[in-house]
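Taking it in order: structure first as structure tokens, then the write-up.
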Amino acid sequence: MPDHVGYDLGVSPGSVFRRSTLPDPPVAVEAHGSTIRDADGREYLDAAGGAIVVNVGHGRTEIARVMAEQAERLAYAHGSAFTTEPVEAYAAEVGPYLPLDDPAIYPVSGGSEAIETALKLARAYHLANGDRDRWIVVARWGSYHGNSLGALDLSGRKPLRRPYEGWLGRSGLRPDRSRAPRVFPW
Ligand SMILES: Cc1ncc(COP(=O)(O)O)c(C=O)c1O
């Protein structure tokens with residue numbers, strides 16, 4: 001089997017290292033609701049919303065406005081030294097939706113980071129309880145939990161894992177033994 005199996009050797013033009021190797025992908029210029037429009041005026045139904053990150057829809061001017069106002073006032077303050085009114089208000093609003101008494105919110109920037117954080121938090125919890133031997137994580141074949149290494153290690157999609165197998169298996173997964181079967185046999 002040639003060494004490059006599992007890798008896409010396509011080279012995209014321009015300076016962006018694109019996730020798509022289509023030589024000439026459409027240039028998205030604007031979006032409203034569930035519709036994205038490209039530079040040629042063609043419209044696309046954004047049924048995935050970037051894997052569900054646009055769950056409030058595109059073009060929400062009221063959200064864009066408060067984001068711009070906040071960025072002008074205070075764009076960033078490191079969470080190890082500060083808290084801010086918006087993050088406190090956000091956590092107070094989200095908390096009641098969670099099935100926990102008095103939950104604490106740890107804001108992150110995306111799904112992979114959330115998975116990495118949950119993994120480390122679970123381990124830290126057990127260490128704090130003196131439970132040093134609890135470190136194995138059960139994951140399912142067929143699952144996708146993200147692009148970063150820890151999240152990939154929990155993900156059960158073999159083609160995505162294959163090029164990086166040498167770096168995986170550190171979260172306690174023994175893929176052929178401790179992995180639960182797929183939830184759905186697709
Ligand atoms: C279940 C699940 N976990 C984690 C992720 C990774 O999220 P992100 O792409 O924001 O890093 C995804 C993305 O599709 C997901 O579906």
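Just so it is clear, none of the values below were taken in a lab; they were calculated from the coordinates. Predicted model only: the values in this text are computed from it and were never measured. Please note: Cβ atoms are built from the backbone with ideal geometry, for glycine as well, and neighbour counts cover all protein chains shown.
So, of the residues in the range 31-53 that are part of a loop (DSSP other than H, G, I, E, B) and not polar (S, T, N, Q), which turns out to be surrounded by the most Cβ atoms within 10 Å (Cβ to Cβ)?
Pass one, the range 31-53, residues part of a loop (DSSP other than H, G, I, E, B): 34, 39-42, 46-48, 53.
Restricting the remaining residues to those that are not polar (S, T, N, Q) gives 39-42, 46-48, 53.
Working: ALA39: 10, ASP40: 8, GLY41: 7, ARG42: 9, ASP46: 16, ALA47: 6, ALA48: 9, VAL53: 10.
Among residues in the range 31-53 that are part of a loop (DSSP other than H, G, I, E, B) and not polar (S, T, N, Q), the one surrounded by the most Cβ atoms within 10 Å (Cβ to Cβ) is ASP46.
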- Which one of these does VAL56 not meet: (1) among the β-branched types (Val, Ile, Thr); (2) surrounded by 12 or more Cβ atoms within 10 Å (Cβ to Cβ); (3) within 16 Å of the ligand (Cβ to nearest atom)? (2)
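In the range 123-159, what count of residues is obtained for those that are part of a helix (DSSP H, G or I) and either within 15 Å of the ligand (Cβ to nearest atom) or more than 29 Å from VAL87 (Cα to Cα) (or both)?
Residues of the range 123-159 that are part of a helix (DSSP H, G or I), as a first pass: 123-128, 149-154, 158-159.
Filter once more, so that each one left must be either within 15 Å of the ligand (Cβ to nearest atom) or more than 29 Å from VAL87 (Cα to Cα) (or both): 149-154, 158-159.
Total satisfying the criteria: 8.
Scanning the range 86-104 for residues that are part of a helix (DSSP H, G or I) and within 20 Å of the chain's Cα centre (by Cα), which turns out farthest from LEU74 (Cα to Cα)? Walk me through it before giving the result.
Filtering the range 86-104 down to residues part of a helix (DSSP H, G or I) leaves 86-97.
Filter once more, so that each one left must be within 20 Å of the chain's Cα centre (by Cα): 87, 90-91, 94.
Numbers: VAL87: 12, TYR90: 16, ALA91: 18, VAL94: 22 Å.
Result: VAL94.
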